[in-house]
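K.L.:
Here you go, one structure.
The values are calculated or read from the model by the stated rules, or taken from the named source; none is laboratory data. All values derive from a computational prediction rather than experimental measurement. Counting neighbours? That spans all protein chains shown, and the Cβs are built from the backbone with ideal geometry, glycine included. When the accessible area is computed, the model is the full protein with side chains, heavy atoms only, and any ligands, DNA or RNA have been set aside. Shrake-Rupley method; radii C 1.70, N 1.55, O 1.52, S 1.80 Å.
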Amino acid sequence: MAQTALSFLNETRSGPVPTLVEQIVAGAVLVIPGTAAAAVENLDRQGLLHAPIAEGDAVARSVMDAQNTSGEGPCLDALRDNKQVMTGDLQTDPRWPEFAARATELGVRVIICTPMEAAGRRLGVLSLMSRTLDFVQDEEAPTMAAVFAAHAAVALTGARRVEDINRALTHRDVIGQAKGILMERFQVTPDVAFAMLVRTSSVTNLKLRDVCDQLCLTGVLLPDPPRSRRLRSGT
């Protein structure tokens, strides 16, 4: 588990978030005994479980779909209550009868769902699925799941911060290029050029980044230049 955590650190520094999530779910299956499938799940805008990347793909996605269809299940409870939820033997666990029946058909006997949180930010739930009852009998399994989820949450938070920083730097660079184009074209100051961009964003109802991208790629700024020039004179 320590080696896996260190690999998360390396991925945080150099790799994109989806690649790190793939490494997390693959590592969970490899490191935690008895795990047959894993996924990092969250809720989409419709309130349904969503997991872009899963290990043991067919089983993990079918278990997720069963919870979405039935509206019940351990991962939904873990997300709602923000606490670890461990099933008993799904053949006999009475808490989610419709879901448990479907999971049993898929050969899944036990599931551990552990919230992932770091720096006050909820990142989803690490869902571990097993075809054996060892998860129920092994008292270490929930602890290992919690430790693994904690390492993964820290790594994900770091990777997303790196992405945010890179996105902000790229955004700033594009704005700078767009301002430079306007300064050269209309012989205006940096402040006036930025005001032209902001005004265009407001008038066209486009994000500032999109306005700058369009200008840098096409050389076109809407509305037309004469209106933009008025900003220089303050009218």
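K.L.:
Output the number of the condition that residue 117 fails; it satisfies all remaining conditions of (1) touching a residue at least 40 places away in the same chain (Cβ under 8 Å); (2) open to solvent by 50 Å² or more (accessible area, probe 1.4 Å).
P.N.:
Just one mismatch for residue 117, condition (1).
K.L.:
Just for region 215-226: of the residues that are assigned to a helix (DSSP H, G or I) and open to solvent by less than 70 Å² (accessible area, probe 1.4 Å), which one is modelled with the lowest pLDDT?
P.N.:
Result: 225.
K.L.:
Determine which member of the set 90, 123 is modelled with pLDDT of 95 or more and hydrophobic (A, V, I, L, M, F, W, C).
P.N.:
Exactly one residue qualifies, and that residue is 90.
K.L.:
Write out, first by first residue and then by second, each pair whose Cβ atoms fall under 7 Å of each other, whose residues are 6+ apart or on separate chains, and whose first residue, in region 16-41, is in contact (Cβ under 8 Å) with a residue 40 or more places away in the chain and closer than 16 Å to residue 52 by Cα while the second is assigned to a helix (DSSP H, G or I) and among the hydroxyl-bearing types (Ser, Thr, Tyr).
P.N.:
Here the result reads 20/12, each pair linking region 16-41 to a residue that is assigned to a helix (DSSP H, G or I) and among the hydroxyl-bearing types (Ser, Thr, Tyr).
K.L.:
Something else now. Keeping to region 151-173, report how many residues are under 17 Å from residue 121 (Cα atoms), modelled with pLDDT of 80 or more and open to solvent by 50 Å² or more (accessible area, probe 1.4 Å).
P.N.:
So the answer is 2.
K.L.:
Which residues, counting only those in region 55-79, are of a type in the set (D, E, K, R) and modelled with pLDDT under 95?
P.N.:
Selection gives 55, 57, 61.
K.L.:
Between 125, 108, 63, which is within 18 Å of residue 150 (Cα to Cα) and either touching a Phe, Trp or Tyr at 6+ places or on another chain (Cβ under 8 Å) or crowded, with 23+ Cβ neighbours inside 10 Å (or both)?
P.N.:
125
K.L.:
Next question. One residue is enough: does region 39-56 have a residue meeting the conditions under 17 Å from the mean Cα position of the chain (by Cα), in a loop (DSSP other than H, G, I, E, B) and among the acidic types (Asp, Glu)?
P.N.:
yes
K.L.:
When you look at residue 140, is it open to solvent by 50 Å² or more (accessible area, probe 1.4 Å), under 30 Å from residue 220 (Cβ atoms) and either under 20 Å from the mean Cα position of the chain (by Cα) or modelled with pLDDT of 80 or more (or both), yes or no?
P.N.:
no
K.L.:
Here is a list: 89, 77. Which entry is within 22 Å of residue 139 (Cα to Cα) and outside any loop (DSSP other than H, G, I, E, B)?
P.N.:
77 is the lone residue from the list that is within 22 Å of residue 139 (Cα to Cα) and outside any loop (DSSP other than H, G, I, E, B).
K.L.:
Filter region 95-105 down to the residues that are open to solvent by 40 Å² or more (accessible area, probe 1.4 Å) and either in contact with a strand residue (DSSP E or B) (Cβ under 7 Å, 6 or more places away or on another chain) or of a type outside the set (A, V, I, L, M) (or both) and list them by number.
P.N.:
95, 97, 98, 102, 104, 105
K.L.:
If you don't mind, another one. Write out, first by first residue and then by second, each pair whose Cβ atoms fall under 7 Å of each other, whose residues are 6+ apart or on separate chains, and whose first residue, in region 129-142, is in contact (Cβ under 8 Å) with a residue 12 or more places away in the chain and among the aliphatic types (A, V, I, L, M) while the second is part of a helix (DSSP H, G or I) and surrounded by 14 or more Cβ atoms within 10 Å (Cβ to Cβ).
P.N.:
Qualifying pairs under 7 Å: 129/59; 129/60; 129/63; 141/135.
K.L.:
Going by the conditions given, is residue 35 outside any strand (DSSP E or B), open to solvent by 50 Å² or more (accessible area, probe 1.4 Å) and of a type outside the set (A, V, I, L, M, F, W, C)?
P.N.:
no
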